Amino acid sequence: MVSHTTSAAIWCALAKSFSSQSPSRVIQLCTELVNTRKGAQLAHDFFMQIKRMTDELVVAGHALHRDENISYLLSGLGHDYDSFVTTITACTDPVTLEEVYALLLTIESRLLHNNQPIV
């Protein structure tokens, strides 16, 4: 960047430098999204992991549609969340990612509550 004398020249050089990395980064992020599973982590952490990757896709110039974000999130949930996934996918009105997140936290809370040992 030292050899460039104007901010426009620096900006163009940066864009050219990072644009070559974008296609491979997009593929990598999409692969990570497909393979990401909630597992034992908390729903909040899982959601933030998905959100981080989708935000990185936006930065790489490959923004996903709302439904794609939700699909990646739902596909990473385990069998305990099957009824939740069915409910979300059966909705006739569009739901936002934020609404899915709020419901996910509620479902997780119920699952944790119901799986506590009885004293």
Sum of -39500 (n - 2.57) over DSSP H runs of 4+, divided by residues of the chain (222 nm, nearest 500): -22000 deg cm²/dmol
For the Cα atoms of the chain, what angle does the longest principal axis make with the long axis of helix 97-114, in degrees from 0 to 90, nearest 10? 40
Helix axis angle, 66-75 relative to the chain longest principal axis, alpha carbon, degrees: 50
Taking Cα atoms, the helix 43-59 axis meets the longest principal axis of the chain at an angle in degrees (rounded to 10) of 20
For every other residue with a beta carbon closer than 15 angstrom to the beta carbon of Thr89, add +1 if it is Lys or Arg and -1 if Asp or Glu, then tell me the sum. -4
Charge-dipole axis of the chain as Lys and Arg at +1 and Asp and Glu at -1 on Cβ define it, positive-most pick from Ala60, Leu14, Ser3: Ser3
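We did not get these values from a lab; they are worked out from the coordinates using the rules stated. This structure is a prediction, so every number in the text was calculated from the model and none was measured. FYI the Cβ positions are ideal-geometry reconstructions off the backbone, even for glycines, and counts take in every protein chain you see.
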